[in-house]
1. How many of the residues making up segment 13-40 are modelled with pLDDT under 90 and either within 13 Å of the chain's Cα centre (by Cα) or surrounded by 17 or more Cβ atoms within 10 Å (Cβ to Cβ) (or both)?
2. Mind counting the residues in segment 124-144 that are loosely packed, with under 15 Cβ neighbours inside 10 Å and within 12 Å of G84 (Cα to Cα)?
3. Please verify whether segment 54-72 includes one or more residues that are of a type in the set (F, W, Y), assigned to a helix (DSSP H, G or I), modelled with pLDDT of 95 or more and under 11 Å from the mean Cα position of the chain (by Cα).
4. Under 7 Å between Cβ atoms, which residue pairs at least 6 apart in sequence (or on different chains) link something in segment 150-163 that is among the polar types (S, T, N, Q) with a partner that is part of a loop (DSSP other than H, G, I, E, B)?
5. Taking the stated definitions as given, is V96 within 30 Å of T44 (Cα to Cα), β-branched (V, I, T) and exposed (fewer than 14 other Cβ atoms within 10 Å of the Cβ)?
6. Considering segment 40-74 alone, what residues qualify as being free of Cβ contacts under 8 Å to residues at least 40 places away in the same chain and farther than 26 Å from V20 by Cα?
7. Give me a count of the residues in segment 73-91 that are assigned to a loop (DSSP other than H, G, I, E, B) and surrounded by fewer than 16 Cβ atoms within 10 Å (Cβ to Cβ).
Amino acid sequence: THYPFREWVRLVGQGNPNMVETLFLRPDYVAPWWAPQSRAALHTALLSSQALKRFAGYGCSQIAALEGRRNKKTNRPEVIAQYGWDTKWGYHAIRVLSEGLELAQTGRLVFPRPNADLLSAIREGRCTQKAVTVYAEHLATALEATNTRLPEQPDWARINTNMIDTFYQGWDSQPHLRRTS
């Protein structure tokens, strides 16, 4: 999915786990014109401890769904029929909680994921629901207890300045939109 620049900035600044991940992807994926320079320039400005709360909340909501405390009806009855539980909820819980812990500890995310083998094992039903739930609870507790160096809030002044500069660059690259002054 391609997002308009302002929407991407808003989502990353709010700590949306899927959008935060885009700060750390290799540059060879298909990206909009503004992505390379904005990702590099805004990397530290956008990250904050707010993201950690979103990672923890998303991961814990996946476990709640897995345990039937939320979303009692799955959209994946075939997965439950095959493995006896919704392995996708378990996979997402561990992925997001481990990413949140890594982000809290290092300020970065590594792709491909260092725990890719574990994530594959969960997704393929080679782990039990109980083991995944216990591990997810461990990760959530560790994430909550981690003292991070990330700032409390994104640096919105720096972000806004970069956004304005990026829009001017985009406009200047289009002859019919160039500034005349």
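1. So the answer is 8.
2. 4
3. yes
4. If the second residue must be part of a loop (DSSP other than H, G, I, E, B), the pairs left are Q153/S48.
5. No: the conditions fail for V96.
6. Residues satisfying the conditions are G68, R69, K72, K73, T74.
7. Residues in segment 73-91 being assigned to a loop (DSSP other than H, G, I, E, B) and surrounded by fewer than 16 Cβ atoms within 10 Å (Cβ to Cβ): 4 in total.
The values are calculated or read from the model by the stated rules, or taken from the named source; none is laboratory data. Remember, it's a predicted structure, so these values are computed and weren't measured experimentally. For neighbour counting, all protein chains shown are included, and Cβ atoms are generated from backbone atoms with ideal geometry for every residue, glycine included.
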